[in-house]
């Protein structure tokens, strides 16, 4: 009887994922994650692609991580190729939380340079989690191609991803300091400063980097 009741509760919770109240949807995602059932993985992924509230999406991701990676990862990899930007972004975010390196082939140059900033940011975060040992230098080169992109949050996401790779990023950052685009040069300098002094803060690092570029000292160490 207990199992039957649990099944009934989970089915109701899944129905509640479509509720008009975000708090109801949040509780539904929590319930589904608390009692994982592989029959509902597709529904969780489907909802992730359209859920408007960040905190509900985060709970949907948590619910998916509670299920077997052998079930979730293949379905999430299909979502990475979706035409819907949120579907791609959420799938990548969830793959980064699962951390199964079988998902690494999905981190292509195309997804790392996705036209949608949210998708690209999710791809960068997933890449540094999933990259196989020894392939960090190649990833650093791919990520460095995005230097200078977007507004503050996008630039900060890229810097954090690069810094997470460690010292392997230094050669590509140094190379980027000779780029003809001053935004690229400043972003590269700021990222290296964050690598050397993580407590400095991105705003301070980027403003200092802009001053260095303006003075023509992009390739110099202070």
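The values are calculated or read from the model by the stated rules, or taken from the named source; none is laboratory data. Nothing here was measured: the structure is a model prediction, and the numbers come from that model. Glycine also receives a Cβ, built like all others from the backbone with ideal geometry; neighbour counts cover every protein chain displayed.
A few remarks follow.
- Unmet requirement for residue 60, which otherwise passes all of (1) in contact with a helix residue (DSSP H, G or I) (Cβ under 7 Å, 6 or more places away or on another chain); (2) within 11 Å of residue 48 (Cα to Cα); (3) surrounded by fewer than 22 Cβ atoms within 10 Å (Cβ to Cβ): (3)
- Test: residue 171 is in a helix (DSSP H, G or I), modelled with pLDDT of 95 or more and farther than 21 Å from residue 121 by Cα: yes
- For the stretch 165-186, the set of residues classified as surrounded by 17 or more Cβ atoms within 10 Å (Cβ to Cβ) and under 19 Å from the mean Cα position of the chain (by Cα) consists of 165, 169, listed by residue number.
- Selection within the stretch 10-31 - at pLDDT below 90 and in a helix (DSSP H, G or I): 10, 11, 12, 13, 14, 15, 16, 31
- Condition check for residue 51: modelled with pLDDT under 95 and not in a helix (DSSP H, G or I): no
- Entirely in the stretch 84-166, the helices (runs of 4 or more DSSP H) that have 1 or more residues that are more than 29 Å from residue 47 (Cα to Cα): 136-144, 152-164
- Residue within the stretch 87-96 that is surrounded by fewer than 16 Cβ atoms within 10 Å (Cβ to Cβ) and in contact (Cβ under 8 Å) with a residue 12 or more places away in the chain present: no
- Some residue of the stretch 68-82 being surrounded by 15 or more Cβ atoms within 10 Å (Cβ to Cβ), more than 17 Å from the chain's Cα centre (by Cα) and not in a helix (DSSP H, G or I): no
- Residue 37 vs. criteria surrounded by fewer than 19 Cβ atoms within 10 Å (Cβ to Cβ), more than 26 Å from residue 85 (Cβ to Cβ) and modelled with pLDDT under 90: yes
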